[in-house]
Ligand code: FRU
């Protein structure tokens with residue numbers, strides 16, 4: 001049985017309904033402007049409805065960031081869109097299940113689909129299928145290999161990778177002088193965040209002749225996998241100065257392995273996500289050296305889906321900001337990264 005979490009809210013305050021109707025009735029008489037990013041038949045001339053059903057396909061809830069993502073999205077839906085029924089399906093970290101989940105939304109004829117894909121290639125076709133069925137699809141956090149969908153919302157993972165690279169260089173002696181061995185632990189390399197966090201980091205760090213990057217194994221974003229590759233790396237490699245992991249759970253897994261081996265004090269650890277109760281807390285406690293914020297995209301994604309359903313214009317891509325947290329700035333809320 002698929003895990004279906006339905007957030008159903010009662011019919012609403014007339015005010016809210018009438019604002020929906022008013023907004024949604026406009027585009028029927030006005031053709032969308034040329035810059036409109038949403039496929040015409042998916043968004044234009046959409047009749048106003050009293051209730052909307054939106055399907056959200058989440059790739060997994062095995063990682064804390066995903067749990068937080070769902071929580072914030074569901075709360076946002078409840079407090080802002082009482083006329084929306086948000087159906088959440090968890091693909092249990094499996095591409096095939098996620099394809100089946102999206103197809104079930106298509107069969108049911110939901111009004112819009114939000115999807116945070118497990119990986120790019122395997123989810124591309126079903127995003128196309130939904131779009132071709134006239135359902136606006138908003139892709140969240142991880143991209144697919146086709147951009148004919150309605151909109152994308154996520155962080156700039158290249159920028160985050162580059163910023164992590166600059167932090168690593170500073171920790172290893174500063175630009176032009178940095179020296180050391182970096183052990184890299186990758187997230188899912190079949191996904192765009194894994195690829196871009198690696199590419200951005202390498203772009204910056206390979207400018208430093210004194211730094212060598214080793215590792216680079218795909219640990220699928222998982223703390224236990226990172227723990228075990230780090231255990232092996234510590235046995236095989238006498239010198240590791242810094243660990244760069246593509247998310248905080250993996251950075252913390254590597255820290256725990258180094259602690260067990262009695263080497264945690266000699267190493268620095270950089271992660272990504274910066275959840276208050278994870279990465280930020282670990283920076284505060286000194287377990288991680290730095291983390292970079294990767295905001296959850298659900299609330300912004302739902303706002304965009306609702307605009308599309310009302311026939312309003314939306315940006316094709318919405319990029320969420322990042323911040324860097326270190327011991328020095330963690331109590332001031334980190335520092336913005338540009
Ligand atoms: C959770 C997660 C986050 C990471 C994001 C990348 O599944 O691994 O930790 O930042 O996905 O898509």
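Overview of values
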| read-out | value |
| --- | --- |
| Separation in nanometres of the label points that stand 7 Å from Cα toward Cβ, at residue 179 and residue 338 | 3.4 |
| Exposure proxy ranking, count of Cβ atoms within 10 Å, fewest first, for 250, 306 | 306, 250 |
| Helix 248-260 vs. the chain, principal-axis angle (Cα, 0 to 90°, nearest 10) | 30 |
| Bridge type composition, the chain - antiparallel percent by DSSP, nearest 5 | 20 |
| Overall dimensions of segment 171-228 as given by Cα atoms, namely Rg and Dmax in Å | 12.5, 35 |
| Per-residue Cβ neighbour rank within 10 angstrom, fewest leading, 235, 62 | 235, 62 |
| Cubic angstrom per residue, convex hull over Cα atoms of segment 266-327 | 70 |
| Angle in degrees between helix 298-309 and the longest Cα principal axis of the chain, rounded to the nearest 10 | 30 |
| Square roots of five times the Cα gyration tensor eigenvalues for segment 157-294, Å | 19, 17, 15 |
| C-alpha center-to-center spacing [segment 160-222, segment 48-92] in angstrom | 33 |
| FRET E, pair residue 206, residue 49, Förster distance 56 Å, beta-carbon r, rounded to 0.05 | 0.60 |
| Cα-projected label distance for residue 145 with residue 104, points at 7 Å along beta-carbon direction, nm | 2.7 |
| The chain: most fluctuating residue of 297, 209, 64 per GNM, C-alpha cutoff 10 Å | 209 |
| Nearest-ten-degree value, helix 223-236 long axis tilted from longest Cα axis of the chain | 20 |
| Share of alpha-carbon pairs per 10 Å distance bin for the chain, given as whole % | 6, 25, 30, 21, 13, 5, 1 |
| Of all DSSP beta bridges in segment 201-333, antiparallel share, percent nearest 5 | 30 |
| Label-to-label distance, nm, for residues given as residue 261 and residue 78 (7 Å Cα→Cβ offset) | 4.4 |
| Cβ-Cβ FRET estimate between residue 94 and residue 217, R0 fixed at 22 Å, reported to 0.05 | 0.60 |
| Hypothetical label at residue 236: residues of segment 173-204 whose amide nitrogen lies under 12 Å (7 Å Cα-Cβ projection) | 184 |
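Here, each number is a calculation from the coordinates, and none is a lab measurement. Values in this document were obtained by computation on a predicted structure and should not be read as measured data. Here the Cβ is made from the backbone with ideal geometry for all residues, glycine too, and neighbour counts use every protein chain on show.
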